[in-house]
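Enquirer: Here it is, the structure, as structure tokens.
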Amino acid sequence: MTSRGTPPTVEVDQLVKRYPKSEVNAVDGLSFTVEPGEIFGLFGPNGAGKSTTIGILTTRIRATSGRAVIGGVDVLRDPVGARAQLAVVPQHNNLDRSLTPRQNLLYHAAYHGVGRRERESRADDLLERFGLADRADKRIEAYSGGMAQRLMIARALIHEPAVLFLDEPTNGLDPQTRLLIWNRIHQMRDRGVSIVLTTHQMNDAAGLVDRVGVVDHGRLLTLDTPTNLVRSLAGRSILDLTVALGPQGDVDALLTALREVSGVRKAEQLAAPALPAARRPGGFGANGRAMGPGRGGPPGPGGGRGLPPGLGAGRLAALGLGAAVGTLPSARARAGTRIRLHLATDPAALLGPILTLLSDRSANLTDVRVSEPSLEDVFIELTGRGLR
Amino acid sequence: MTVVDATAAPARTTVARPRPSTATVFLAVLRRDLLVTGKELWVILVQVGLTPLFMLFVFDTILGAQGVVGRSFADLFLPGIIALAAFTTALQSVALPLVKEFGFTMEIEDRLMAPIPTGLVAVGKLVIATIRGLLAAVLIYPLGALVVGSAPWRPEGLPQALLVVLLGAWIGGGLGITLATILPIQRINITLSLVVTPIIWTGCIHYPWPRLSTIPWYQIVTLFNPMTYVSEGVRGALLPTVPHISPWACLAVLTAVAAITTATAVRGFTRRAIQ
Ligand SMILES: Nc1ncnc2c1ncn2[C@@H]1O[C@H](COP(=O)(O)OP(=O)(O)OP(=O)(O)O)[C@@H](O)[C@H]1O
Ligand SMILES: [Mg+2]
């Protein structure tokens with residue numbers, strides 16, 4: 001995607017933001033560039049400084065120091081010129097509630113100097129493409145979260161910006177809407193628009209973004225393509241076990257024992273087993289792995305890893321890639337303790353020793369699943385487990 | 001939307017895009033507020049019309065009939081009511097929506113992202129507030145006359161009255177924006193009342209300023225209230241025979257105050273808009 005010879009459309013250099021009355025920098029020396037027609041993912045835990053960065057680049061927040069150039073215009077020196085280059089879809093709904101959805105598009109276009117006939121035809125077209133044509137003249141208050149989000153993205157596109165900023169564009173949306181939105185973002189990229197997006201649905205976004213910058217505490221931890229980032233964890237996979245402990249079962253003792261097994265890098269208990277993964281905080285390995293690198297939809301031939309046959313202590317179900325975690329009947333999940341093992345070797349080779357260890361402790365394995373590291377695992381590896 | 005050839009597209013983005021003219025963008029922002037004003041016209045009418053009309057009704061029709069106030073009181077009072085309507089409409093119709101737009105719905109953000117200086121968005125708000133204030137004054141004049149049954153009428157005084165009312169509305173709008181953007185939003189209602197109520201009641205709406213000479217300390221206090229000059233300016237224009245502050249003094253003070261509130265409004269607004 002990166003086209004040689006053309007200057008980047010977004011240049012961020014040593015950007016720093018310290019909010020008044022704050023002890024620390026919300027953004028702390030951030031530097032990156034985005035090429036024309038590139039999708040750049042800015043990933044980071046809550047409070048990492050993503051929205052602040054977008055705020056600075058879109059002229060709403062004044063940087064403490066550093067430099068940012070959007071579409072050839074210095075954001076700090078010429079904010080008005082910069083605004084003509086960009087569009088932003090913020091994290092919160094900021095639609096104009098005094099106007100109808102269609103008027104939201106029309107007025108936004110007018111604010112950016114798009115002529116009347118042009119903006120009317122673009123509005124019709126966008127309403128159609130975002131599936132809002134039949135609701136274009138309703139009240140905004142009657143819009144659901146997903147409709148509002150689609151309208152905000154349509155609004156951002158109507159003046160045809162050179163750079164598009166999306167702050168968590170698919171947050172809280174159903175899979176259909178998410179797919180529609182990722183699809184539209186893709187189309188924008190193909191039109192040469194540079195896109196900077198933040199999201200917590202990393203595995204969704206992994207197939208879409210060209211490069212990823214992971215930030216934490218306002219600093220860039222790493223910057224690379226999703227493929228390279230995942231490759232950095234090569235050979236490592238994750239084994240999720242659901243275990244029914246014996247009468248005197250002690251999870252901590254079990255975890256300690258599991259850590260002793262050679263090839264296990266880390267063993268940890270997963271919280272809140274009864275909740276579908278997507279609703280757990282952090283949602284490990286939950287959302288739409290189908291779009292992650294090397295994950296192709298439902299488990300098919302070559303998708304699942306062969307397990308040694310006859311290991312059936314309990315139900316060895318749902319093995320394989322792309323299987324959604326939330327498919328367990330929740331009653332069974334509730335019955336077990338969920339343990340995640342981070343492996344340094346092939347999981348198939350470890351199942352034997354692990355099963356022996358479990359049956360020695362009269363713990364019953366009720367569910368096993370194997371997964372390849374995903375972008376989200378890379379993320380956890382880099383930023384740790386702690387809540388912000 | 002036409003599909004653009006992906007290979008040709010990147011070249012487009014290397015040069016900064018032309019920005020639309022400031023006037024075009026400013027007018028679009030203004031048009032949005034005008035549209036909303038049009039939609040809310042009846043709200044504004046009720047908001048502004050009711051209190052002054054009831055005041056007129058009580059002070060003139062009721063108290064007048066009882067002989068508590070003289071017949072000529074309504075003539076003194078109506079110019080004050082016109083001034084009050086202009087000032088408070090402009091203030092209220094910009095302050096509360098602005099608090100909402102900045103604090104809760106964030107709907108101002110789309111206009112803040114328009115390619116014009118942020119200060120001009122504030123000026124746009126000020127223009128709309130002034131228009132609303134003027135509208136209120138123009139409506140309250142005949143309505144008041146209907147309630148009272150008569151009204152001072154002096155065509156040659158109208159230009160001065162209009163100018164004073166315009167400045168009064170502008171000041172009300174400026175003050176409204178300033179307060180809405182600098183006061184803490186959690187307590188906006190109470191703080192707004194704390195500022196606005198004294199302005200209304202010490203603004204010489206009910207009485208000509210020169211007659212306050214019997215209470216010298218109060219006469220001095222009222223001089224610090226811009227509302228005084230709006231009331232006096234309108235009264236002087238419609239009732240030149242009643243003693244009043246010189247129109248030139250009124251216009252001079254009001255122009256100065258308008259300039260100051262414009263500056264504070266733009267400053268407060270910009271500070272709020274850009275963190
Ligand atoms: N207006 C503000 N005043 C003071 N501090 C702020 C302000 N906005 C954000 N912060 C702080 O700056 C840091 C970065 O916040 P920011 O909103 O940029 O994070 P984020 O990466 O977007 O997080 P999330 O994923 O939760 O949206 C946080 O520590 C936050 O508390
Ligand atoms: Mg954020």
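Enquirer: Hey, which of the strands (runs of 3 or more DSSP E) in the range A:144-257, taking only ones fully inside, have at least 1 residues that are within 16 Å of ligand 1 (Cβ to nearest atom)? Before the answer, list the steps.
Expert: On the way: elements: A:163-167, A:194-198, A:211-216, A:219-224, A:237-244.
Fully inside the range A:144-257 and qualifying: A:163-167, A:194-198, A:211-216, A:219-224.
Enquirer: Next up: With A:Thr59, A:Thr64 as the choices, which residue is over 24 Å from the mean Cα position of the chain (by Cα), facing chain B (nearest Cβ under 8 Å), within 16 Å of ligand 1 (Cβ to nearest atom) and farther than 30 Å from A:Asp377 by Cβ? Explain how you work it out, then say what you get.
Expert: On the way: A:Thr64 fails: facing chain B (nearest Cβ under 8 Å).
Testing whether each residue is over 24 Å from the mean Cα position of the chain (by Cα), facing chain B (nearest Cβ under 8 Å), within 16 Å of ligand 1 (Cβ to nearest atom) and farther than 30 Å from A:Asp377 by Cβ leaves just A:Thr59.
Enquirer: Answer yes or no: is there a residue in the range A:67-84 that is of a type in the set (A, V, I, L, M, F, W, C), within 16 Å of ligand 1 (Cβ to nearest atom) and touching a strand residue (DSSP E or B) at 6+ places or on another chain (Cβ under 9 Å).
Expert: Kept after step one, since they are of a type in the set (A, V, I, L, M, F, W, C), are these residues of the range A:67-84: A:68-70, A:73, A:75-76, A:80, A:82, A:84.
Then drop every residue that is not within 16 Å of ligand 1 (Cβ to nearest atom), which leaves A:68.
From what is left, the residues that are touching a strand residue (DSSP E or B) at 6+ places or on another chain (Cβ under 9 Å) are A:68.
Yes, because at least one residue in the range A:67-84 is of a type in the set (A, V, I, L, M, F, W, C), within 16 Å of ligand 1 (Cβ to nearest atom) and touching a strand residue (DSSP E or B) at 6+ places or on another chain (Cβ under 9 Å).
Enquirer: Can you tell me which residue in the range A:104-118 is nearest to the other protein chains (Cβ to nearest Cβ), limited to those that are touching a Leu at 6+ places or on another chain (Cβ under 8 Å) and of a type outside the set (Phe, Trp, Tyr)?
Expert: Taking the range A:104-118 and keeping what is touching a Leu at 6+ places or on another chain (Cβ under 8 Å), we get A:104-105, A:107.
Retained after the next criterion (residues that are of a type outside the set (Phe, Trp, Tyr)): A:104-105.
Working: A:Asn104: 8, A:Leu105: 11 Å.
So the residue we want is A:Asn104.
Enquirer: Does the range A:62-91 hold any residues that are more than 21 Å from A:Ile153 (Cα to Cα), in contact (Cβ under 8 Å) with a residue 12 or more places away in the chain and in a loop (DSSP other than H, G, I, E, B), and which are they?
Expert: Those that are more than 21 Å from A:Ile153 (Cα to Cα), in contact (Cβ under 8 Å) with a residue 12 or more places away in the chain and in a loop (DSSP other than H, G, I, E, B): A:Arg62, A:Ala63, A:Thr64, A:Gly72, A:Val75, A:Leu76.
Enquirer: Okay, next question. Could you check how many residues of the range A:119-139 are over 16 Å from A:Leu180 (Cβ atoms), more than 9 Å from chain B (Cβ to nearest Cβ) and surrounded by 14 or more Cβ atoms within 10 Å (Cβ to Cβ)?
Expert: Qualifying residue count, the range A:119-139: 6.
Enquirer: Any idea which of (1) within 12 Å of ligand 1 (Cβ to nearest atom); (2) facing chain B (nearest Cβ under 9 Å) is the one A:Thr9 doesn't satisfy?
Expert: (1)
Enquirer: Another question, then. Could you grab me the full set of residues in the range A:27-50 that are within 11 Å of ligand 2 (Cβ to nearest atom) and buried (at least 23 other Cβ atoms within 10 Å of the Cβ)?
Expert: Step one: filter the range A:27-50 for residues within 11 Å of ligand 2 (Cβ to nearest atom), giving A:42, A:44-50.
A:Leu42, A:Gly44, A:Ala48, A:Gly49, A:Lys50, listed by residue number.
Enquirer: Next up: Just give me the residues in the range A:163-185 being away from ligand 2 (no atom under 16 Å from the Cβ), in contact (Cβ under 8 Å) with a residue 60 or more places away in the chain and surrounded by fewer than 19 Cβ atoms within 10 Å (Cβ to Cβ), in sequence order.
Expert: Result: A:Pro175, single match.
Enquirer: Just checking, which of A:Arg338, A:Arg332 is buried (at least 16 other Cβ atoms within 10 Å of the Cβ) and either at pLDDT 85 or above or assigned to a strand (DSSP E or B) (or both)? Even if it seems obvious, please write down each step before you answer.
Expert: Numbers: A:Arg332 fails: either at pLDDT 85 or above or assigned to a strand (DSSP E or B) (or both).
Among A:Arg338, A:Arg332, only A:Arg338 is buried (at least 16 other Cβ atoms within 10 Å of the Cβ) and either at pLDDT 85 or above or assigned to a strand (DSSP E or B) (or both).
Enquirer: Can you confirm whether the range A:95-104 contains a residue that is of a type in the set (Ser, Thr, Tyr), away from ligand 1 (no atom under 16 Å from the Cβ) and touching a residue at least 40 places away in the same chain (Cβ under 8 Å)? Before the answer, list the steps.
Expert: Within the range A:95-104, the subset of a type in the set (Ser, Thr, Tyr) is A:98, A:100.
Checking the rest, the ones that are also away from ligand 1 (no atom under 16 Å from the Cβ) come to A:98, A:100.
Narrowing further to those that are touching a residue at least 40 places away in the same chain (Cβ under 8 Å): A:100.
Among the residues of the range A:95-104, at least one is of a type in the set (Ser, Thr, Tyr), away from ligand 1 (no atom under 16 Å from the Cβ) and touching a residue at least 40 places away in the same chain (Cβ under 8 Å), which makes the answer yes.
Enquirer: Right, next: A:Ile380 fails exactly one of the following numbered conditions: (1) under 21 Å from A:Gly207 (Cβ atoms); (2) over 15 Å from the mean Cα position of the chain (by Cα). What is the number of that condition?
Expert: (2)
Enquirer: Something else now. Give A:Leu86, A:Leu95 a once-over and let me know the one that is within 27 Å of the chain's Cα centre (by Cα) and at the interface with another protein chain (Cβ under 7 Å from one of its Cβ atoms).
Expert: Details: A:Leu86 fails: at the interface with another protein chain (Cβ under 7 Å from one of its Cβ atoms).
Of A:Leu86, A:Leu95, the one residue that is within 27 Å of the chain's Cα centre (by Cα) and at the interface with another protein chain (Cβ under 7 Å from one of its Cβ atoms) is A:Leu95.
Enquirer: While we're here: Restricting the search to the range A:30-52, which residues are more than 13 Å from every other protein chain (Cβ to nearest Cβ), within 9 Å of ligand 1 (Cβ to nearest atom) and of a type in the set (Gly, Ala, Ser)?
Expert: Passing the criteria: A:Gly44, A:Gly47, A:Ala48, A:Gly49.
Enquirer: Within the range A:343-388, how many residues are away from ligand 2 (no atom under 16 Å from the Cβ) and either on the phi > 0 side of the Ramachandran plot or of a type outside the set (D, E, K, R) (or both)? Let's see the steps before the verdict.
Expert: Just the residues of the range A:343-388 that are away from ligand 2 (no atom under 16 Å from the Cβ), to begin with: A:343-378, A:380-382, A:384-386.
Subset that is either on the phi > 0 side of the Ramachandran plot or of a type outside the set (D, E, K, R) (or both): A:343-345, A:347-359, A:362-366, A:368, A:370-371, A:373-375, A:378, A:380, A:382, A:384, A:386.
Going through the range A:343-388 one residue at a time, the tally reaches 32.
Enquirer: OK, next. Looking at (1) closer than 16 Å to B:Gly172 by Cβ; (2) surrounded by fewer than 19 Cβ atoms within 10 Å (Cβ to Cβ), which is the one condition that is false for B:Val234?
Expert: Failing condition for B:Val234: (2).
Enquirer: When you go through (1) surrounded by 20 or more Cβ atoms within 10 Å (Cβ to Cβ); (2) within 16 Å of ligand 2 (Cβ to nearest atom) one by one for A:Gly81, which number turns out not to apply?
Expert: (2)
The values are calculated or read from the model by the stated rules, or taken from the named source; none is laboratory data. Small disclaimer: the values here were computed from a predicted structure and weren't measured. As a convention, Cβ positions derive from the backbone with ideal geometry for all residues, glycine included, and neighbour counts pool all protein chains shown.
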